[in-house]
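The values are calculated or read from the model by the stated rules, or taken from the named source; none is laboratory data. From a predicted model like this one, the values you see are computed outputs, not experimental measurements. Glycine also receives a Cβ, built like all others from the backbone with ideal geometry; neighbour counts cover every protein chain displayed. Just so you know, the surface numbers come from the protein's heavy atoms only, side chains and all, with ligands and any DNA or RNA stripped out. Shrake-Rupley method; radii C 1.70, N 1.55, O 1.52, S 1.80 Å.
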Amino acid sequence: MPAIRTEALTKDYSTGFWRPRPSRALENLTLEIAPGEIFGFLGPNGAGKTTTLKLLMQLIFPTSGRAEILGRPVGDVGVKRRLGYLPENPYFYDNLTAEELLVYYARVFGHHGSEAARRAGELLDLVGIGGERALQLRKFSKGMLQRIGLAQALLNDPDVVFLDEPMSGLDPLGRRDVRELILRLRERGCTVFFSSHILSDAESLCSRVAILSAGRLIATGTVSELLAFGVGGWELVMTNLAAATVARLGLRIARATEIAEGHYALELPIDAAPDGLLRELTAAGAALVSLNPIRPTLEDVFIKKVGGARERATFHHGAHRDHREKT
Amino acid sequence: MRVVREIALHVFKESVRDRVPYTLVFFAVLLMATSYLLGQLTAGQEVKIIKDLGLAATSLIGLFIAIFIGIGLVSKEVERRSIYNLLSKPVSRRQVVLGKYLGLVLTLLVNISVMVAALYGVLAYFWFVSDPSVKAGWETPALDPALMVASGLIFVELALITALALVFSTFSSPLLSAALTFGLFIVGHFNADLKRFDQIVASRPVAYLARALYYLLPNLTLFDVKAEVVHGYHVPATAVVSAVGYAAAYIAVLVATSVFIFERRDFK
Ligand SMILES: Nc1ncnc2c1ncn2[C@@H]1O[C@H](COP(=O)(O)OP(=O)(O)O)[C@@H](O)[C@H]1O
Ligand SMILES: [Mg+2]
């Protein structure tokens, strides 16, 4: 049984007060996520990531299609016992302290008195704000609220966790903490579904990713599968190289960048064997600094795929679609 | 129902952290200051005036709590999106609505109790310092138990107003909810006039409409026994029982309507 399953999930928002028109935020999303997977849900701003997560938490209802979590339809109160959810830009109650908030949620989960307090304390320590437990939430910075959001999502040792942009608002240390937290969840066998527009997060964490653009799924697979699409090549850095020599290389190199006087970074296409060129250039008096393969990053794939999808969308549906994509 | 209780207690806690205690302090200070002034005047009417003022203030501050705190706490939860976190817990939408409503009613109950206790306190002071000759001129005893009936019905009326506020805040903005609730409060107090509308207007459709509105809109005059109590008229038990029964039925319909709307809406 998959941990999360969606079937042709579609959502239209109606926009415009006087003459409401439906605007499609998500179209025919079909996904299946196995238990224990760390699933990265990627896409530019406005792609429909938050919409998907809200559909999975039944904060909004689908226009058509359906979704299941742990084999039960979304919104099932019994299944919610085993879920955690961090909304995008989480917000809580201004007048409560961090500890009071978590105690409240722990009690909603059915923990009693001292047990609820103990659980709340543990989680505040886990997300690194144990020192601020008695501070009112109105005094919390965005990053601290994000940490509280994580704490409340993990309060019940969930089996499936949904995180909407978990790294947003965090400093580099905070991002590292979140990465470690997700890895620890993976060790525990927890399924993690997280959305992000920051690709490096996904690259180091995810077993599988999906790329969404303008409400449509445009790619899905393991990170290495997606990277196999990318363009490879070589980067050859040489010093003591004359400008004239570089100019003579012409189309044999994809690009030449002068780093310093006589110091060049040359990009070679994947099919050009670098050793021949290296020998030639050394013979011309240049010296090798480094030679590295160019690996495509998820970002390259992303830009290529999203860019391609946008062009096709514009081609098929005309430019009027573009107003939806706030970037 | 553990979850409902937790949500209700949370509402109460939030209202305490909000501005509710200040309104109570304001009420107490107002009452004390007025009674001090009246003590200076010694007109023999002071107990009546204090009761009048005390009950009117209880009702007004209660209305303030019901409308502003009630709407505030519900629509803030939706507008600021803390509802996302709450609904991701093992909580149904129905439980959220019930918890919110019961929490608001609890808030009202506690606040009204404090105000009534303050009122009795001031009256006890007057009873203590007044001459027997002055006491003889009072229409009703200073510590009249009938005040409990009047304030009890104020509480029931405000529980109904809170349910109205709840319905509105499940689908409209806080400002509009407040305006609609306040509007219905006013209309509810003049509702009885709609019943007599057919005697004033000739047009039959208008008369029917007035009659329909009379049955549809809340009849809040049922709960207003302030004048009777202050002047020492007897309030029949049947009137109290039927007012409470009417409120219970009305509240049940309103809460069910709130649940119906809340269970279907998108939290965008
Ligand atoms: N409440 C709403 N009403 C109307 N349109 C919305 C609403 N929320 C989101 N949208 C639109 O739906 C699309 C997807 O938004 P969202 O799911 O928030 O994207 P993401 O989280 O990937 O940035 C966007 O075009 C956005 O403008
Ligand atoms: Mg988003």
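Scanning the range B:125-148 turns up one or more residues that are among the hydrophobic types (A, V, I, L, M, F, W, C), modelled with pLDDT of 90 or more and farther than 28 Å from A:ASN89 by Cβ. Where helices (runs of 4 or more DSSP H) fall entirely within the range B:39-118, those with at least 1 residues that are under 18 Å from the mean Cα position of the chain (by Cα) are at B:46-64, B:70-79. Going by the conditions given, is A:ALA117 in contact (Cβ under 8 Å) with a residue 24 or more places away in the chain and open to solvent by 10 Å² or more (accessible area, probe 1.4 Å)? Considered against the rule, which asks whether it is in contact (Cβ under 8 Å) with a residue 24 or more places away in the chain and open to solvent by 10 Å² or more (accessible area, probe 1.4 Å), A:ALA117 comes out as no. The single residue among B:SER172, B:SER177 that is surrounded by 14 or more Cβ atoms within 10 Å (Cβ to Cβ), touching a Ser or Thr at 6+ places or on another chain (Cβ under 8 Å) and not basic (Lys, Arg) turns out to be B:SER177.
Condition check: within 14 Å of another protein chain (Cβ to nearest Cβ), among the hydroxyl-bearing types (Ser, Thr, Tyr) and open to solvent by 60 Å² or more (accessible area, probe 1.4 Å). Does B:TYR22 satisfy that? Yes. Residues in the range B:181-216 that are under 25 Å from B:GLY70 (Cα atoms), among the β-branched types (Val, Ile, Thr) and surrounded by fewer than 13 Cβ atoms within 10 Å (Cβ to Cβ): B:ILE186 alone. B:LEU216 meets the conditions (1) in contact with a helix residue (DSSP H, G or I) (Cβ under 9 Å, 6 or more places away or on another chain); (2) farther than 14 Å from B:LEU153 by Cβ in every case but one. The failed one is (1). Here A:ARG107 meets the list (1) in contact (Cβ under 8 Å) with a residue 12 or more places away in the chain; (2) away from ligand 2 (no atom under 16 Å from the Cβ); (3) of a type in the set (D, E, K, R); (4) buried (at least 22 other Cβ atoms within 10 Å of the Cβ) almost entirely, failing just condition (1).
Remark: A:GLY78 matches the filter, which requires a residue to be within 30 Å of A:ALA210 (Cα to Cα), surrounded by fewer than 18 Cβ atoms within 10 Å (Cβ to Cβ), in contact with a Pro (Cβ under 8 Å, 6 or more places away or on another chain) and not aromatic (Phe, Trp, Tyr).
Annotation for the range B:28-48: no member residue is over 30 Å from A:LEU154 (Cβ atoms) and within 14 Å of another protein chain (Cβ to nearest Cβ). With respect to A:GLY65, is the statement that it is under 15 Å from A:ALA151 (Cβ atoms) and either away from chain B (no Cβ under 13 Å) or open to solvent by less than 10 Å² (accessible area, probe 1.4 Å) (or both) true? For A:GLY65, the condition - under 15 Å from A:ALA151 (Cβ atoms) and either away from chain B (no Cβ under 13 Å) or open to solvent by less than 10 Å² (accessible area, probe 1.4 Å) (or both) - is not met.
Checked against the criterion of being touching a residue at least 24 places away in the same chain (Cβ under 8 Å), of a type outside the set (A, V, I, L, M), open to solvent by 10 Å² or more (accessible area, probe 1.4 Å) and more than 16 Å from ligand 1 (Cβ to nearest atom), the range A:43-56 contains not a single residue that satisfies it. A count restricted to the range A:163-179 and to residues that are away from ligand 2 (no atom under 16 Å from the Cβ) and not in a helix (DSSP H, G or I) stands at 1. Could you check, for the range A:25-46, whether at least one of its residues is in the same structural domain as A:ILE211 (by TED's automatic domain parsing), within 16 Å of ligand 2 (Cβ to nearest atom) and among the charged types (D, E, K, R)? No: zero hits.
In the range A:24-40 there is at least one residue matching the filter, namely being within 16 Å of ligand 1 (Cβ to nearest atom), at negative phi, open to solvent by 40 Å² or more (accessible area, probe 1.4 Å) and among the basic types (Lys, Arg).
Quick check on this structure: which one of A:VAL301, A:VAL289 is in contact (Cβ under 8 Å) with a residue 24 or more places away in the chain, among the aliphatic types (A, V, I, L, M) and in contact with a helix residue (DSSP H, G or I) (Cβ under 6 Å, 6 or more places away or on another chain)?
Numbers: A:VAL289 fails: in contact with a helix residue (DSSP H, G or I) (Cβ under 6 Å, 6 or more places away or on another chain).
Exactly one residue qualifies, and that residue is A:VAL301.
In the range B:128-144, the residues that are in contact (Cβ under 8 Å) with a residue 12 or more places away in the chain form Cβ pairs under 6 Å with partners that are open to solvent by less than 60 Å² (accessible area, probe 1.4 Å), at six or more places apart or across chains, as follows: B:GLY137/B:GLY44; B:TRP138/B:VAL47; B:GLU139/B:GLY232; B:THR140/B:GLY232; B:ALA142/B:VAL47; B:ALA142/B:LEU123; B:ALA142/B:PHE126; B:LEU143/B:LEU123.
Suppose the filter is within 12 Å of chain B (Cβ to nearest Cβ), in contact (Cβ under 8 Å) with a residue 12 or more places away in the chain and open to solvent by less than 40 Å² (accessible area, probe 1.4 Å); does A:TYR93 pass it? In short, yes. Within the span defined as the range B:248-268, one or more residues are within 14 Å of chain A (Cβ to nearest Cβ), within 16 Å of ligand 1 (Cβ to nearest atom) and modelled with pLDDT under 90.
Taking B:ILE69 and the conditions (1) more than 25 Å from B:ARG264 (Cβ to Cβ); (2) within 14 Å of chain A (Cβ to nearest Cβ); (3) at pLDDT 90 or above, which numbered condition does it fall short on, given that it satisfies the others? Here B:ILE69 clears every test but (3).
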